[in-house]
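Derivation of every value follows stated rules applied to the coordinates shown; laboratory data play no part. Note that the structure is predicted; figures quoted are calculated from it, not measured. Using ideal geometry, Cβ is built from the backbone for each residue, glycine included, and neighbour counts are taken over all protein chains shown.
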Amino acid sequence: MTREETSELREFVFKITILGDAAVGKTSLISQFVEGSFQEDYKPTLGANIVRKDVNLDNARVRLIMWDLAGQEKYQVVRSMYFQGCQGALLVYDVTRYNTLDNINTKWLRDFKKHVKKKGAFILIGNKSDLKDQRVIPTERGQELATKIKASHFIETSAKLGENIEEAFSLLVHQILSDHGVNL
Ligand code: G3D
Ligand code: MG
């Protein structure tokens, strides 16, 4: 058999959520990530933007369905919908505001764990790394929290400059694949 015949393309669909306080940069991160292939579907009743992007790996294609909060108020009411069928989460704080870090463990991760019964992958992101003068949370504090909450990875990003965006999403995708026992 030739290589072409043995290596068929595998396809996956993953739903992920992006969680964190208002204005930490959730929507900006997604916009940067999807860039050219922007596919957005606003669901007013859910208070959510649902954005799709296909990620091409060596011999697999992963369709990512990303749920992004549009306004935090509705979230309390519809959060079980957010997490239904969800395989992973990006937990985002803002390196210029301490309370956004505190809320990761006390609010966002707690909700994720409560609603996602099956093993769900999550990574921790410290966003706005470009705001060097306003930064109050050192990298080590983020790393510490990631270890404490057993996040599979920690990464700092700048949605403004487009730094580490691909890397962040890629870390989550690979973690989900590995959690599902997929070896690519
Ligand atoms: P949210 O979806 O989490 O609520 P947004 O956050 O993506 O709407 O971003 C909130 C504000 O932070 C926006 O500014 C956005 O431009 C800014 N922002 C997001 N990411 C970064 C970043 O990495 N660096 C910097 N410097 N700013 C960022 P405005 O002024 O439009 O409200
Ligand atoms: Mg937003």
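Taking the stretch 79-184, which GluC sites (Glu not before Pro) meet the DSSP loop condition and have no more than 16 other C-beta atoms within 10 Å?
Working: sites: 140, 144, 156, 163, 166, 167; in loops: none.
Answer in residue order: no site qualifies.
What's the extension gain from residue 50 to residue 110 if we count 0.36 nm per residue and subtract their Cα-Cα distance?
On the way: separation 60, 0.36 × 60 = 21.60 nm, distance 2.22 nm.
Taking 0.36 nm per residue and subtracting the Cα distance, the gain is 19.4 nm.
If the cut-off is 19 Å between C-alpha atoms, which aspartates and glutamates fall inside it for residue 113, apart from same-chain ones fewer than 8 positions away?
Within reach: 21, 68, 102, 179.
Taking only complete DSSP H runs, can you tell me which helices of the chain stretch 15 Å or more along their own long axis by Cα positions and average at least 0.0 on the Kyte-Doolittle scale?
Numbers: long enough: 165-179 (21 Å, 0.69).
Within the chain the helices that satisfy the rule are 165-179.
Taking a threshold of 28 Å on the Cα-Cα distance, which of the pairs 26/132; 15/132; 117/160; 119/160; 114/160; 53/132 fall above it?
Working: 26/132 19 Å; 15/132 33 Å; 117/160 34 Å; 119/160 32 Å; 114/160 32 Å; 53/132 31 Å.
Beyond 28 Å: 15/132; 117/160; 119/160; 114/160; 53/132.
Rounded to the nearest 20 Debye, what is the dipole magnitude of the chain about its Cα centre when Lys and Arg each give +1 and Asp and Glu each give -1 at the C-beta? List each step's numbers first, then the result.
Values: 26 positive and 24 negative charges, 179 e Å.
For this selection, approximately 860 debye.
Could you put 27, 157 in order, starting from the residue whose Cβ has the fewest other Cβ atoms within 10 Å? Please report the intermediate quantities before stating the final value.
On the way: 27 17, 157 28.
By the 10 Å Cβ count, ascending: 27, 157.
When only Cα pairs under 8 Å and 6 or more residues apart are kept, what is the percent relative contact order across the chain?
On the way: 325 pairs, mean separation 40.9, N = 184.
Across the chain, relative contact order equals 22 percent.
Tell me the Rg and the Dmax, in Å, that the Cα atoms of the chain produce.
Cα-based Rg and Dmax for the chain come out at 16.5, 59 Å.
Taking R0 as 35 Å, what FRET efficiency do you get between residue 119 and residue 23 from their Cβ-Cβ distance, rounded to the nearest 0.05?
Numbers: r = 30 Å, r/R0 = 0.86.
Step by step, r from the Cβ atoms, then E = 0.70.
Please list, by residue number, everything in the stretch 91-113 whose backbone N is under 13 Å from a paramagnetic label point 7 Å out along Cα→Cβ of residue 141.
Under 13 Å, as judged by backbone N against the label point of residue 141, lie 93-104 of the stretch 91-113.
Run through the DSSP bridge list for the stretch 3-179 and note the antiparallel percent, rounded to the nearest 5. Mind showing how you got there, number by number?
On the way: 15 of 39 bridges.
Of the beta bridges lying entirely in the stretch 3-179, close to 40 percent run antiparallel.
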